[in-house]
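Scroll down for the structure; my scribbles are underneath it.
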Amino acid sequence: MEFAFTPTHLHLLLNHFPTIGFFIGLGLFVVSLVAKSTHLKIGSLVVLVGISIITIPTYITGNAAGDVLCGVSVNVTGPCRDAAVPRSLIDQHEGAALFCLFFMTITGGLAWLGLWQWRRFGAMAGWNNVALLVFGALAFLTAGRAAALGGEIRHPEIRVTAETTAKQFGRIAGDFISNSPWTWVASETLHFIGLTLLLGVLTLIVVKVLGIIPSITYNALDRLLPWAILGFGLNIFTGMAFFAAAPYQYIHNVAFYYKLAFLLAAGLLTVLYTFDASWAHEDRPPSGRSKVVAGTALFLWVGVMYWGSMLPFIGNAF
Amino acid sequence: MGTLTSSGFTPLALGSLVLAAVAGCTLIVVVIGVLIDRSAAEHERTTKDR
């Protein structure tokens with residue numbers, strides 16, 4: 001039996017999550033508001049955070065799949081390798097997916113903040129309920145649009161989108177970042193500011209959990225967590241800006257896939273870590289499990305930085 | 001990627017543009033962070049008052 005697993009396979013698997021998974025998460029959130037169910041709301045927030053993290057590899061592997069069908073490397077134009085696939089449809093799908101990723105990231109951030117507020121105050125702030133509904137609806141609409149366009153690529157029987165020669169959003173944004181002399185430099189600087197916020201706060205928490213700085217309270221460190229997540233958000237936006245500007249530098253880059261795997265593991269572990277309050281008790285030492293989780297999270301984040309630095313050396317970027 | 005030599009910007013103009021973009025985005029992040037923190041402080045104060 002022959003077996004193959006490529007980024008295209010991964011895209012075909014993952015692309016259902018941002019639509020179906022997100023719909024379930026958002027639906028549960030709405031039901032939790034109507035039913036005034038705290039447990040349902042917490043469950044829905046966890047789903048929304050998880051789906052928003054999964055949207056990142058969905059977008060990235062989509063570019064790899066597009067490259068197999070049409071070649072996205074260095075502004076290739078003309079018909080796709082497979083003549084049955086319209087290039088403009090691939091470009092429209094990518095543009096819609098980039099919009100979706102933007103709104104999905106904001107929604108995921110708000111959902112995480114809701115979990116943090118619930119853990120800290122026992123309730124999610126009212127303004128966050130409204131913001132999550134608004135951005136969740138926008139994310140779902142853009143995910144639906146991206147999914148519809150994606151379905152049309154391989155299903156001519158449902159194709160309603162007309163072919164066009166006009167440049168699509170993904171390439172407009174990508175070319176702007178790629179061709180402007182200041183955007184890449186500014187994004188790179190912001191990427192490091194985000195990294196500093198994220199790793200600075202997380203390292204302090206890990207050091208506290210390991211018992212090295214007992215004088216700083218969990219309460220003070222916990223209050224800093226939103227800054228770490230803001231840094232993470234900044235890194236996702238700037239990282240995706242790099243990717244949209246030069247996808248060909250990443251989709252054939254082994255170091256980038258390692259970075260992505262470490263990022264997903266670190267992101268999901270950090271969500272678990274911030275959701276689980278069992279580590280933050282001043283009156284008793286953290287459990288062995290909390291220490292292992294904290295140490296692993298730090299290892300994974302350092303790994304993300306390592307693979308990012310190795311993009312040009314182990315991989316073929318730049 | 002666009003380069004300094006091909007961009008038509010003087011180094012000073014380009015540096016100012018990069019600085020303004022970084023400062024602007026950082027300011028947005030700081031404002032959001034401060035608003036979240038103030039909301040948390042307000043919530044904690046209200047909870048304590050009860």
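The values are calculated or read from the model by the stated rules, or taken from the named source; none is laboratory data. Just so you know, these numbers come straight off a predicted model, no measurement behind them. Ideal geometry is used to build each Cβ from the backbone, glycine not excepted, and the neighbour counts take in all protein chains shown. Only protein heavy atoms, including side chains, enter the accessible area calculation; ligands, DNA and RNA are left aside. Shrake-Rupley method; radii C 1.70, N 1.55, O 1.52, S 1.80 Å.
Can you give the relative contact order of segment A:165-318 as a percent, counting alpha carbon pairs under 8 Å and 6+ residues apart?
On the way: 152 pairs, mean separation 45.8, N = 154.
30 percent.
Here the accessible area is traced with a 1.4 Å probe on the protein chains. For segment A:161-270, carbon and sulfur cover 72 percent of it. Counting only other chain Cβ atoms within 10 Å of each residue's Cβ, the peptide A:174-181 averages 3.
Of A:GLY211, A:GLY194, A:GLY295, the residue with the greatest mean-square motion in the GNM of chain A, using alpha carbon springs below 10 Å, is A:GLY211. Each of B:VAL34 and A:ARG119 was given a label point 7 Å from its Cα along the Cα-to-Cβ line. The distance between the two points is 2.6 nm.
For segment A:78-171, what is the charge dipole size about the Cα centre, in debye to the nearest 20, if Lys and Arg each add +1 at the Cβ and Asp and Glu each add -1 at the Cβ? All intermediate terms of the calculation are to be shown ahead of the outcome.
Numbers: 9 positive and 6 negative charges, 59 e Å.
Dipole size: approximately 280 debye.
With all protein chains kept in place, the per residue accessible area of the protein assembly as shown amounts to 49 square angstrom at a probe of 1.4 angstrom. No disulfide-compatible partner, judged by a Cβ distance under 4.7 Å, exists for the following cysteines of the protein assembly as shown: A:CYS100, B:CYS25. Shielding value for A:182-194 is 5, the average number of Cβ atoms from other chains within 10 Å of each residue's Cβ. Between segment A:290-318 and segment A:1-33, the alpha-carbon centres lie 25 Å apart. The count of lysine pairs in the protein assembly as shown that are at least 8 places apart or cross chains, and whose C-alpha atoms lie under 28 Å apart, stands at 6.
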